[in-house]
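The values are calculated or read from the model by the stated rules, or taken from the named source; none is laboratory data. If you're wondering where the values come from, they're calculated on a predicted model, not measured in any experiment. Don't worry about glycine lacking a Cβ; one is built from the backbone with ideal geometry, like all the others, and counts go over all protein chains shown.
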Ligand SMILES: C[S@@+](CC[C@H](N)C(=O)[O-])C[C@H]1O[C@@H](n2cnc3c(N)ncnc32)[C@H](O)[C@@H]1O
């Protein structure tokens, strides 16, 4: 009864009954994380018996998952751009969509030697740390206000790109004395406040401070271009991740703040996902 093949079927059904769509995929990740059995091992040794301790560990994890805790918080990590980032309660889980911002920034910075880059609203640090990993010559500053997120950001930076500098700061109030930046990148909170309660139950377990972009969702897109322009070099890049329906509004806000060469980039689902502009004042 405790053979891994029987447990797997029983537990997968449990997750399916809790309306978790990728139940088999999630269960394999949980089995590996909580009892050290990989999918390959499960398939190669289906008769392997699980001990009482192992059963208890995974049953506890399943109960938390059934109650709506995100898989990524249970695992304690999630992958972004091929690297594992530590995550847990208090920090936004990196999303695949955000890789578009990183890809665009790397392409735009390809011909800039030793670029100086700030990642505003850094959360886990996935944007800035990935740029640091992909561009070993870049100087990266990560800015984040939340102390809980800051702890993850520092942990990830230490593990993946220790040369990143971290600053705890409110990016709507200060540029922390930074100047001469080649790029300012940000995936800020952008969900309109009213939309938060309607989000999927797992997303609602992520910090409101990482999601809530004020009544119209545009608070950070209004504030950051005006404040941070002075921190950019002439010709410097501003790159934002945006919500799928914010392309035109953010394009207009960048133009109003004096940016040019503004482009909206779509994600792989065909939705507007990134807005980029150049600081051409002062050129
Ligand atoms: C949408 S999350 C993005 C996190 C990370 N960059 C990513 O892409 O996964 C926004 C982040 O902004 C932080 N934040 C919210 N208000 C802030 C502020 N005024 N100054 C700095 N960071 C802020 C939140 O704590 C959260 O970590």
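Details
- Against the criterion of being in the same structural domain as residue 210 (by TED's automatic domain parsing), closer than 22 Å to residue 229 by Cβ and more than 15 Å from the chain's Cα centre (by Cα), residue 110 does not qualify.
- Applying the set (1) closer than 25 Å to residue 139 by Cα; (2) touching a helix residue (DSSP H, G or I) at 6+ places or on another chain (Cβ under 9 Å) to residue 220 leaves exactly one unmet item: (2).
- Selection of the range 228-267 for residues being touching a residue at least 60 places away in the same chain (Cβ under 8 Å) and in a loop (DSSP other than H, G, I, E, B) yields only 267.
- Scope the range 106-128; condition within 10 Å of the ligand (Cβ to nearest atom) and part of a helix (DSSP H, G or I); matching residues: 126, 127, 128
- Condition met for residue 79 (outside any helix (DSSP H, G or I) and either touching a residue at least 60 places away in the same chain (Cβ under 8 Å) or crowded, with 20+ Cβ neighbours inside 10 Å (or both)): no
- Matching residues, the range 155-171, being out of contact with any helix residue (DSSP H, G or I) (no Cβ under 8 Å at 6 or more places or on another chain) and in contact (Cβ under 8 Å) with a residue 24 or more places away in the chain: 155, 159, 165, 167, 169, 170
- Check on residue 159, within 13 Å of the ligand (Cβ to nearest atom) and closer than 18 Å to residue 88 by Cβ: no
Table: residues versus (1) surrounded by 13 or more Cβ atoms within 10 Å (Cβ to Cβ); (2) within 26 Å of the chain's Cα centre (by Cα).
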{"position": "6", "(1), (2)": "yes, no"}
{"position": "19", "(1), (2)": "no, yes"}
{"position": "22", "(1), (2)": "no, yes"}
{"position": "34", "(1), (2)": "yes, yes"}
{"position": "42", "(1), (2)": "yes, no"}
{"position": "55", "(1), (2)": "yes, no"}
{"position": "64", "(1), (2)": "yes, yes"}
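- Checking the range 64-76 against the condition returns a match, with at least one residue being under 30 Å from residue 187 (Cβ atoms) and in contact with a strand residue (DSSP E or B) (Cβ under 8 Å, 6 or more places away or on another chain).
- Among the residues making up the range 193-230, those that are away from the ligand (no atom under 14 Å from the Cβ) and crowded, with 18+ Cβ neighbours inside 10 Å are 225, 229.
- Selection count, the range 71-82, where residues are farther than 22 Å from residue 145 by Cα, touching a helix residue (DSSP H, G or I) at 6+ places or on another chain (Cβ under 8 Å) and within 13 Å of the ligand (Cβ to nearest atom): 1
- Residue count for the range 171-192, restricted to those that are on the phi > 0 side of the Ramachandran plot and crowded, with 23+ Cβ neighbours inside 10 Å: 0.
- Scope the range 88-100; condition over 9 Å from the mean Cα position of the chain (by Cα), part of a loop (DSSP other than H, G, I, E, B) and more than 9 Å from the ligand (Cβ to nearest atom); matching residues: 88, 89
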